[in-house]
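Single-structure report; data block below.
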Ligand SMILES: Cc1cc2nc3c(=O)[nH]c(=O)nc-3n(C[C@H](O)[C@H](O)[C@H](O)COP(=O)(O)OP(=O)(O)OC[C@H]3O[C@@H](n4cnc5c(N)ncnc54)[C@H](O)[C@@H]3O)c2cc1C
């Protein structure tokens, strides 16, 4: 096994999604030496279907299938899933986190000054999202525009590439923070898959990773696992934490599609507006899908006659807060079944979405199979990490969707940015 030079870093950050990239950037700005190890590639994002399939749709790597064939996707590339996310900046659950001794009010303000966090101006909201919103408002829903991490000045709304990675740099992704970290001297190694953490006398010393078919070691004073809701628990399992990856959420969702004859679109920013049906346990939003995904989801449910209707299809997403449950295999296989109550939430949302789409003039309405894109709660706060996100191995921290302590059901990125900033402050000035 090769050691990475003789250098010891201040911090090694494993994974460069919103959690990891934020910690890395903040530490590099405070003049800490940082090594970022990222399993995926760092190809410039070109917004093509082929690249999206490589980074988000490779079976067994970025596309995982549960034991009941629910498809779960995650981005394996610099920036993680944020490269392909829809840029929705859902306000963090401040009160819930307070119960765990975590205050992030300051960090929320910092994120708001650093990133564009605002609803889309009317001219960037597509015709399909507007049509759905008007219909929902007519029916009495408090359907509102959602804040987005999108810079309106850079956005070209009809490019339709949000879901393929934004090639114009308008949608904030964790790649922006990775680049800022590198400008401040941090090192990024791509194609580096971390397999375990090196420890001595109960303290983290570094990590072992695979790179170009051989094993390497790298050393640091602090190690931050940010390999995502599936990646981080797998590393902890290898380290002897059998409880990692138990009782988690994945925020199951369905897409409800309805065809109208008088709108021609299909290329607009998804999740422009929606409603959080908190008491019923789900979120509903417009979600104009990339054409490939629309075709795939329609074909999966036998709607071959709809394949050419992408430009005329209004789509509403229902995303539920699923009950905690299931387990991950040692290699990250996802074993979890939807409970009766999870399915009930999604079908209640389906009934409401059908009504909204029919009121908007849709004739044929149908729903996709179950999907998921937010695995988390696999290394929960108060269970495997404390409120400083530290494990019981000293200097070993976790900062990604894994640490969320309760069932979730919301877009998590804004919360992860705040947790990343808060952790970086603690690493620089331990309390
Ligand atoms: C299609 C889609 C749309 C979404 N839309 C929204 C939205 O609008 N708003 C929102 O807030 N959220 C959205 N999300 C969810 C959001 O993108 C994720 O919740 C968020 O990216 C999770 O961040 P993370 O830091 O936990 O990990 P991730 O983003 O999963 O990043 C983990 C990183 O670790 C790397 N990695 C994994 N294992 C290893 C290893 N062993 N060694 C080294 N590196 C490793 C991965 O390659 C990846 O880069 C969406 C997700 C998808 C897929």
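The values are calculated or read from the model by the stated rules, or taken from the named source; none is laboratory data. If you're wondering where the values come from, they're calculated on a predicted model, not measured in any experiment. Methodologically, a virtual Cβ is constructed for each residue, glycine included, from the backbone with ideal geometry; neighbour enumeration extends over all protein chains shown.
Filtered by the rule that a residue be more than 21 Å from the chain's Cα centre (by Cα) and in a helix (DSSP H, G or I), region 110-127 gives 113, 122, 123, 124, 127. Scoring residue 279 on the criteria (1) touching a helix residue (DSSP H, G or I) at 6+ places or on another chain (Cβ under 7 Å); (2) modelled with pLDDT of 95 or more leaves a single failure, condition (1). I'd like to check something: does region 366-378 contain any residue that is within 19 Å of the chain's Cα centre (by Cα), more than 14 Å from the ligand (Cβ to nearest atom), modelled with pLDDT of 95 or more and within 23 Å of residue 147 (Cβ to Cβ)? The answer is no, given that none of the residues of region 366-378 is within 19 Å of the chain's Cα centre (by Cα), more than 14 Å from the ligand (Cβ to nearest atom), modelled with pLDDT of 95 or more and within 23 Å of residue 147 (Cβ to Cβ). Here the condition is being within 14 Å of the ligand (Cβ to nearest atom), in the same structural domain as residue 296 (by TED's automatic domain parsing) and at pLDDT 95 or above; of 255, 226, 218, it holds for 255 alone.
This table checks each residue for (1) surrounded by fewer than 17 Cβ atoms within 10 Å (Cβ to Cβ); (2) in a loop (DSSP other than H, G, I, E, B); (3) in the same structural domain as residue 254 (by TED's automatic domain parsing); (4) at pLDDT 95 or above.
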position: 292; (1), (2), (3), (4): yes, no, yes, no
position: 296; (1), (2), (3), (4): yes, no, yes, no
position: 309; (1), (2), (3), (4): no, no, yes, no
position: 314; (1), (2), (3), (4): no, no, yes, yes
position: 318; (1), (2), (3), (4): no, no, yes, yes
position: 322; (1), (2), (3), (4): no, yes, yes, yes
position: 326; (1), (2), (3), (4): no, no, yes, yes
position: 341; (1), (2), (3), (4): yes, no, yes, yes
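Looking at 101, 134, just one residue is surrounded by fewer than 17 Cβ atoms within 10 Å (Cβ to Cβ) and in a helix (DSSP H, G or I), and that residue is 134. Here residue 93 does not fit the description of being within 21 Å of the chain's Cα centre (by Cα), modelled with pLDDT under 95, over 30 Å from residue 61 (Cα atoms) and within 16 Å of the ligand (Cβ to nearest atom).
The sole residue among 106, 10 that is in a strand (DSSP E or B), assigned by TED's automatic domain parsing to the domain that holds residue 404 and either closer than 20 Å to residue 422 by Cα or modelled with pLDDT of 95 or more (or both) is 10. When the test is whether a residue is farther than 30 Å from residue 192 by Cβ and within 11 Å of the ligand (Cβ to nearest atom), residue 84 does not pass it. Residues in region 391-408 that are surrounded by fewer than 21 Cβ atoms within 10 Å (Cβ to Cβ) and either at pLDDT below 95 or within 19 Å of residue 204 (Cα to Cα) (or both): 392, 393, 394, 395. Under the condition of being out of contact with any strand residue (DSSP E or B) (no Cβ under 9 Å at 6 or more places or on another chain) and touching a residue at least 40 places away in the same chain (Cβ under 8 Å), which residue from region 32-52 is nearest to the ligand (Cβ to nearest atom)? Among residues in region 32-52 that are out of contact with any strand residue (DSSP E or B) (no Cβ under 9 Å at 6 or more places or on another chain) and touching a residue at least 40 places away in the same chain (Cβ under 8 Å), the one nearest to the ligand (Cβ to nearest atom) is 52.
As for region 280-287, it holds no residue that is in a helix (DSSP H, G or I), in contact (Cβ under 8 Å) with a residue 12 or more places away in the chain and touching a strand residue (DSSP E or B) at 6+ places or on another chain (Cβ under 7 Å). For the structure I just gave you, tell me whether residue 27 is crowded, with 16+ Cβ neighbours inside 10 Å, near the ligand (Cβ under 10 Å from one of its atoms) and either outside the structural domain of residue 339 (by TED's automatic domain parsing) or part of a helix (DSSP H, G or I) (or both). Judged against the criteria, residue 27 is not a match. Residue 369 satisfies every condition listed in (1) assigned by TED's automatic domain parsing to the domain that holds residue 276; (2) surrounded by 21 or more Cβ atoms within 10 Å (Cβ to Cβ); (3) under 26 Å from residue 321 (Cβ atoms) except (2). Does region 13-24 contain at least one residue that is near the ligand (Cβ under 10 Å from one of its atoms), part of a strand (DSSP E or B), within 17 Å of the chain's Cα centre (by Cα) and buried (at least 19 other Cβ atoms within 10 Å of the Cβ)? Within region 13-24, one or more residues are near the ligand (Cβ under 10 Å from one of its atoms), part of a strand (DSSP E or B), within 17 Å of the chain's Cα centre (by Cα) and buried (at least 19 other Cβ atoms within 10 Å of the Cβ). For region 145-160, the condition of being more than 25 Å from residue 387 (Cβ to Cβ), within 20 Å of the chain's Cα centre (by Cα), assigned to a helix (DSSP H, G or I) and within 16 Å of the ligand (Cβ to nearest atom) holds for none of the residues. For region 388-431, the set of residues classified as assigned to a loop (DSSP other than H, G, I, E, B) and within 13 Å of the ligand (Cβ to nearest atom) consists of 389, 399, 400, 404, 408, 409, 410, 411, 412, listed by residue number.
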